[in-house]
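Engineer: For reference, the structure I am asking about is given below.
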Amino acid sequence: MKPFAWALSVVCAGPLLLAAPQAPGVGMSGGAAWTPRTDYACGASGGRVSVWYEPRVAVVFLDGRLERFAAVQGSAGKYSSGRFEWTTKGNAATYSAALQSKPSQQQCQQLPSSSWRQSLASQRYICADGLTVEVTPTLEAATLVFRGETYRMREVPTASGNLYTDGVRAWRGPGNARMFAEADGDAVFARGCQPGVVTDTATLTGTITYRTRQALPTGSVVEARLVDASRADAPATPLARAVLVTRGEQVPLPFTLTYASGVIEKGHRYIVEATVTLDGRVRFRTTTIHPVLQGGTATGPLEIVVQPVR
């Protein structure tokens, strides 16, 4: 039996606390601050369980489903869906259910966070029947546009390629053969989706640092962005980003930005900017312009110094 199969059988027997189908993107709270994903290895087999901690809620990806567990008042670190409980203590967690009055539990241990994450600004996928899916990745999430509708989805690591889901729909499969379907697999809206025109890529490297004498708190979100800032009357256009959720790393933090070299245009103004965010609030940002790709070619390693936000 796969990890948590016992839990899935019980979940299916009762009401599901899942996102309602009529609300696209319900897996990502509209307007809420982004919260990083925490991964756990659970049970004897070390099955992976992904959790997002939001204010008074833990969203748990378990057995292919997103479930919402509400915080239990007066019990720190304890969340309940009514019939199931998710309890955290430090880097450990317990998933439990009452099954015929006999409690069943799975012990979980938090896994180390991933290192720098790279993403191009967006990618268009061409699917069977001429359908297209536009995917714009962010940190551990993505925004998808399909047939004029926009979906905000969480990213879940899997053995066969990352899965993005909002609890109702899913974008899954290997990078060159994805499908857009209902999360439970009952309906497939687009299949055989492959990346459109593949362009050559190039890289920019550098470090992000600050001059204040203070440690970088664990859980800080450090982001470097390559943007086209040619138009003074319009927001800068992002071309690439790299993001790190810190787990003890300290400045200077090295980064690499991978961008599609085919989109670089002569005469345009390209800069690199950076931010450090904690608990949804920007704590440091660049205040100095760092021009790059002058003449269309990459320059040497950059030192990006961010300043405190007052």
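The values are calculated or read from the model by the stated rules, or taken from the named source; none is laboratory data. Worth saying up front: this structure is predicted, and the values here are computed from it rather than measured. Accessible surface is based on the protein model in full, side chains and every heavy atom, while ligands, DNA and RNA are left aside. Shrake-Rupley method; radii C 1.70, N 1.55, O 1.52, S 1.80 Å.
Engineer: Ordering HIS268, HIS290 by accessible area with a probe of 1.4 Å, largest first, what comes out?
Structural biologist: Per-residue accessible area, sorted high to low, gives HIS268, HIS290.
Engineer: Going by Cα centres, the stretch 140-191 and the stretch 254-276 are how many Å apart?
Structural biologist: Cα centres, the stretch 140-191 to the stretch 254-276: 28 Å.
Engineer: Quick one: compute the contact order of the chain, relative version, from alpha carbon pairs under 8 angstrom and 6+ residues apart, as a percent.
Structural biologist: In percent, rounded to a whole number, it is 13.
Engineer: Could I ask something else about it? Could you sort LYS89, LYS78 by their accessible area in this structure, using a 1.4 Å probe and putting the largest first?
Structural biologist: LYS89, LYS78
Engineer: How would the chain be classified by its alpha-carbon gyration tensor: rounded, prolate or oblate, with rounded meaning a/c under 1.5 and the a/b versus b/c comparison settling the rest? Walk me through the numbers before you get to the answer.
Structural biologist: Numbers: a/c = 2.35, a/b = 1.45, b/c = 1.63.
Verdict is oblate for the chain.
Engineer: 5 Å is the cut-off here: which amide hydrogens, built 1.01 Å from N in the peptide plane, fall below it relative to VAL72, excluding neighbours closer than 5 in sequence?
Structural biologist: Correct list: LYS78, TYR79, SER80.
Engineer: Which of THR286, THR201, THR275 moves the most in a Gaussian network model of the chain with Cα springs under 10 Å?
Structural biologist: In the Gaussian network model the winner is THR201.
Engineer: What's the carbon and sulfur percent of the chain's accessible surface, probe 1.4 angstrom, rounded to a whole number?
Structural biologist: With neighbouring chains kept in place, the figure for the chain is 51 percent.
Engineer: Return one whole number: the accessible area per residue of the chain in Å², for a 1.4 Å probe.
Structural biologist: 51 Å²
Engineer: When the Karplus curve 6.51 cos²θ - 1.76 cosθ + 1.60 is applied with θ = phi - 60°, which whole-Hz ³J(HN,Hα) does each residue of the stretch 260-277 get, with x for Gly and Pro?
Structural biologist: 7, 5, x, 8, 6, 10, 5, x, 7, 10, 10, 9, 10, 10, 8, 9, 10, 10
Engineer: Work out from phi, with θ = phi - 60° and the Karplus expression 6.51 cos²θ - 1.76 cosθ + 1.60, the ³J(HN,Hα) of each residue of the stretch 79-88, listed in order in whole Hz, and give x for Gly and Pro.
Structural biologist: Computed from phi, the couplings for the stretch 79-88 are 10, 9, 9, x, 10, 10, 10, 10, 10, 10 Hz.
Engineer: Can you give me the solvent accessible area of PHE189 with a 1.4 Å probe, rounded to the nearest 10 Å²?
Structural biologist: Its heavy atoms expose roughly 80 Å² to the probe.
Engineer: Among ARG211, ARG154, ARG269, which one shows the highest mean-square fluctuation when the chain is modelled as a Gaussian network with alpha-carbon springs under 10 Å?
Structural biologist: For the chain, modelled as a Gaussian network with Cα springs under 10 Å, the answer is ARG211.
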